[in-house]
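Structure, as structure tokens:
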Amino acid sequence: MANSGLESQKRNKTTYDKAHKDHVLLGRLCSAHGTNGLMKIESFAEPPESIAQYEKLRCDELGQGFVKLKNVRPYKNARRLLASILGCENREQAVALQGAELYVLQQDLQPLEENLFYHRTLIGLPVLDKNGEVLGEVIAIHNFGAGDLLDVQPKNKQLEKPKERVFIPFTHESVPKVSANAIEVGGIYADNLANLLAKKQDTAR
């Protein structure tokens, strides 16, 4: 974002493709807070406050513009933050940015420690049992407050209804192995997927 202020910037959601593979969604500007330009922010970074480490957060509402977060601090919900935005000085300017999404270039992502993964690297991976049999595919990752859950769709997609999915806690016990090409699940979660597949195969006959 330029220091000339937000009033000169125009909302433009079509300037760049948000689904571009080189862009990673890191946060969302939720709502204005107070009268001085403060905003509530939902952060997808881990830990949430680390979103402030990025100097260039591309903002979909500003076309090719960037925002800089300042004075970032926790706010109630585990992933909600309060922050000032450089150039956003009043409530009217903050309201104009409500709902805007914040992206970072993949090349600018912070390196991860061992056994930590970016969500985007897991989505789309096949899910295997311990024998290497493909059971399904990771289609999303959720966190409702008790840790990450892999949203896995059984492999026979043409037979599935949206609700027929298996949610697997992303822990070492449930997911003993993760590679660049696949995820191995174990125990009851592998059984659940296998049983759902078997049920669908019987129905299809």
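Read-outs: derived from the displayed coordinates by stated rules, not from any lab. All values reported here derive from a predicted model rather than from experimental measurement. Here the Cβ is made from the backbone with ideal geometry for all residues, glycine too, and neighbour counts use every protein chain on show.
Would you please put 65-72, 128-135 in order of how densely packed they are, using the mean number of other Cβ atoms within 10 angstrom per residue and starting with the highest?
65-72, 128-135
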* **Ranked list, fewest to most other Cβ atoms within 10 Å of each Cβ, for 88, 59, 30** => 30, 59, 88
* Under the Karplus curve 6.51 cos²θ - 1.76 cosθ + 1.60, θ = phi - 60°, whole-Hz ³J(HN,Hα) for the stretch 144-154, x wherever Gly or Pro sits -> 9, x, 10, x, 6, 10, 7, 9, 10, 9, x
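Past 24 Å, Cα to Cα: identify those pairs from 40/70; 56/76; 76/177, in the order given.
56/76; 76/177
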